[in-house]
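The values are calculated or read from the model by the stated rules, or taken from the named source; none is laboratory data. Owing to the predicted nature of the structure, the values given are computational and were not obtained by experimental measurement. Note that each Cβ is placed from the backbone with ideal geometry, even for glycine, and that neighbours are counted across all protein chains shown. The accessibility values were calculated without ligands, DNA or RNA, using every heavy atom of the protein model including side chains. Shrake-Rupley method; radii C 1.70, N 1.55, O 1.52, S 1.80 Å.
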Amino acid sequence: MINFSCNMPSLHRLLSVLLLASSAMAAAPATPLPNIILITLDTTRADRMGFLGSKRGLTPNLDALAHESVVFTHAYSQVPLTTASHATILTGTYPQFHQVNDFGVPLTADLPYAPDILRSNGYHTAAFVGSLVLDPVTRSAPGFERGFDNYDAGFHRRRVGEDRYQSIERRGGEVIGRTLEWLTKHHDEPFFIWVHLYDPHDPYDPPQPYKTRYASAPYDGEIAYVDAAVGKFLTWLRFRGLYDGALIAVMADHGEALGQHGETTHGIFLYDETIRVPLLFKLPHGRSAGTRVAARARLVDVLPTMLQTAGIPVPPAVQGESLLPLLKLASVSPGVKTPDKPSEASPDRPAYAESDYPHRTFGWSPLRSLRAGKYLFIQAPRNELYDQSADPKEEHNLAPASSAVTSTLGSQLDAFRQKTSTTKEAPKVAPDPGLQERLNALGYVATDSSSSSMPGIKDTGADPKDKVEVVNLLHRAEMAKEDMRFAEAVPLLEQVIALEPNLPITYLQLGTALTSLKNYEKAVPVLRKAVEMRPDLTIPRYQLGSALFETGDLPGAIAQLEIAVSRSPQWPEALFLLATAYARSDRLPDAIREYQKVAELRPKHYAAHLLLGRALALSGSPEQALAPLHTAAELQPTSPEPHAFLADAYAQLSRQEDASRERSEAARLRPAGKQ
């Protein structure tokens, strides 16, 4: 049996270390609060780090930092999803406790939270994130802004003419640039900053020269680029004299599968390629520099480690354990390039991980894992057991032949999860069509439900091992759609439907792709299927309404769009389309009402002002039409339509001189041949 506690000799040694440490702290004079810098590298595999044994030469800056840091050679994430994993890092609690198990789930105010704790202890706090998935304003990560004096995000849905780096994510160089701009003004007092670098997340598209240099391995190019961005940041800190006294913690939130065990990216499986992560702490003034700790570490331990280093009490609700007591049990071995192996004397901190993503999104079984002793146990419909000391690639499942060990670890996992779970009701997730679209653009299947599995999803309990190709195909289709390659997305989505015909999200994505290809007749029945399977979802209603509008079925379009706007009354795109459907149905008072809502929500929405003015003029209110039409003319000074409509409105008011002026302006602005 594998115990969760240390053996007695190790326990005595640990107690001695703690007593010595506490005595030293009591005798030492008060020291200034150290600046704390948390750097999280999204989707970064441990095996790409030179300081963890990689020979690829991708990380010279991180390797140099590791020489001056404490490196935990066997560190593990608790969940392979960005938002959920960062919730664990910043709260020091497990996913089953903080309950941020999907995008859009609020981080509740009663959880311990690093910036909140540190600000209450005198720190200035700031966050600089590289992706929409961690933007509280877009509701991808509600509650994450708590405790931060400055939360630098500001992402939005990709607009026409924009690339992804102008909308849904930010390159590492820009994130670092924003960080340095803030630090230039706020470095005189103790600060806590969180820097999140998203680049290694797919699609793998490093900037030059990394794009050319790593053309055959673009993921490696992203890692090399992120390392260079970190190097720029560290150089600036040294130049400003902020490096030596700072606590700098660097880690990945999770890894990336890259095809191992059949998974293309991450989010489903719990093998080392997505759960093992790089983790290092550069302690203030070079303390313990060069130390390599082979004992297992977990991302849930990051917050208590930072707080103990700063001399700040750890809140009782924190579930992780400080890693500092492990340092005295490790060896200082600068220059070591190969991963250290845990010894028999190393204290065993079992590492728990989970993924609810396959269950919530697809209705398959959730996955739970426990790394304890030499074993990795994965709880699934077909349990898995791997001896990681003999089988580091987790290729030989011992569970069928080792029922006793499998049963023991399964019982320990169940007991641990029960002990660390909250009894609180899961926070509610408000429907947000915009969030769904934005997350789809990043390759995630988003939900607007807070339940354990999405409504309309048949809870099959299938083993994700048997279904992973569905996820891979769906992800490829999402990436193709994001790059406007809709013709490529359609057959991929049709393959998904053939493999898994009961996924509403697939019908929605296929219908949306067909609509983008202007194949409205084919899109309508596909989108009707999506609405039938998920009548509670808002986006399928909107997309179906849009397709029906284009086919000329205005009553059908209005019926779907009215439902959409009743659920999302501040959704400008849905309001505008509904207004236009009303206008084409000669329901001008209804159209005017909806156009006015759009103009209030989006004061710079050219078409809303233009058509509002036109509808007012046509309904016999030319005086009221003037203001929105003038606004439209200001918003698009080169467009002839506002002036043509103004001419009509002035003519109704018998202001012939004004009407003549506007007709002349409209004629001047019209392209030659269209007079």
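Looking only at residues of segment 571-580 that are in contact with an Asp or Glu (Cβ under 9 Å, 6 or more places away or on another chain) and open to solvent by less than 10 Å² (accessible area, probe 1.4 Å), we find that the one that is nearest to residue 658 (Cα to Cα) is 579.
When residues of segment 139-190 are filtered for being closer than 21 Å to residue 232 by Cβ, hydrophobic (A, V, I, L, M, F, W, C) and either open to solvent by 30 Å² or more (accessible area, probe 1.4 Å) or in contact with a Phe, Trp or Tyr (Cβ under 6 Å, 6 or more places away or on another chain) (or both), how many remain? So the answer is 3. Residues that are assigned to a helix (DSSP H, G or I) and surrounded by fewer than 22 Cβ atoms within 10 Å (Cβ to Cβ) were ranked within segment 112-132; the one that is farthest from the chain's Cα centre (by Cα) is 119. Hey, any hits in segment 396-405 for a residue that's of a type outside the set (A, V, I, L, M, F, W, C), at pLDDT 90 or above, open to solvent by 10 Å² or more (accessible area, probe 1.4 Å) and outside any loop (DSSP other than H, G, I, E, B)? Yes. With respect to being within 15 Å of the chain's Cα centre (by Cα) and either over 29 Å from residue 112 (Cα atoms) or modelled with pLDDT of 95 or more (or both), residue 202 fits the description. In segment 627-645, the count of residues that are hydroxyl-bearing (Ser, Thr, Tyr), open to solvent by less than 20 Å² (accessible area, probe 1.4 Å) and under 18 Å from residue 580 (Cα atoms) is zero.
One residue is enough: does segment 585-593 have a residue meeting the conditions open to solvent by less than 10 Å² (accessible area, probe 1.4 Å) and either under 30 Å from residue 624 (Cβ atoms) or among the charged types (D, E, K, R) (or both)? Checked against the condition, which is being open to solvent by less than 10 Å² (accessible area, probe 1.4 Å) and either under 30 Å from residue 624 (Cβ atoms) or among the charged types (D, E, K, R) (or both), segment 585-593 yields at least one hit. The residue pairs whose first member lies in segment 347-365 and is under 22 Å from residue 503 (Cα atoms) and in contact (Cβ under 8 Å) with a residue 60 or more places away in the chain, whose second member is in a helix (DSSP H, G or I) and open to solvent by 10 Å² or more (accessible area, probe 1.4 Å), and whose beta carbons are closer than 8 Å, counting only pairs six or more residues apart or on different chains, are 358/471; 361/505; 362/471; 365/359. For segment 283-304, residues that are under 17 Å from residue 66 (Cα atoms) and within 26 Å of the chain's Cα centre (by Cα) total 2. The listed residues are 525, 540, and the only one of them that is in a helix (DSSP H, G or I), within 27 Å of residue 458 (Cβ to Cβ) and open to solvent by 10 Å² or more (accessible area, probe 1.4 Å) turns out to be 525. Against the definition (touching a residue at least 12 places away in the same chain (Cβ under 8 Å), part of a loop (DSSP other than H, G, I, E, B), surrounded by fewer than 22 Cβ atoms within 10 Å (Cβ to Cβ) and at negative phi), how does residue 109 come out, yes or no? Yes; evaluated as a whole, the condition is true for this residue.
Conditions (1) in a helix (DSSP H, G or I); (2) open to solvent by 10 Å² or more (accessible area, probe 1.4 Å), marked per residue:
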| site | (1), (2) |
| --- | --- |
| 256 | no, no |
| 265 | no, yes |
| 268 | no, no |
| 273 | yes, yes |
| 280 | no, no |
| 288 | no, yes |
| 300 | yes, no |
| 303 | yes, no |
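Pairing residues of segment 506-532 that are under 15 Å from residue 551 (Cβ atoms) and without any contact (Cβ under 8 Å) to a residue 40 or more places away in the chain with residues that are among the basic types (Lys, Arg) and open to solvent by 40 Å² or more (accessible area, probe 1.4 Å), at Cβ distances under 7 Å and at least 6 apart in sequence or on separate chains, gives 514/522.
Would you check which residues across segment 49-61 are over 17 Å from residue 195 (Cβ atoms) and either part of a loop (DSSP other than H, G, I, E, B) or open to solvent by less than 20 Å² (accessible area, probe 1.4 Å) (or both) and list them? The answer is 49, 50, 51, 52, 53, 54, 55, 56, 57, 58. The listed residues are 565, 598, and the only one of them that is in contact with a Pro (Cβ under 7 Å, 6 or more places away or on another chain) and either under 28 Å from residue 528 (Cα atoms) or in a helix (DSSP H, G or I) (or both) turns out to be 598. The residues of segment 67-91 that are over 16 Å from residue 255 (Cα atoms) and open to solvent by 10 Å² or more (accessible area, probe 1.4 Å), listed by number, are 67, 68.
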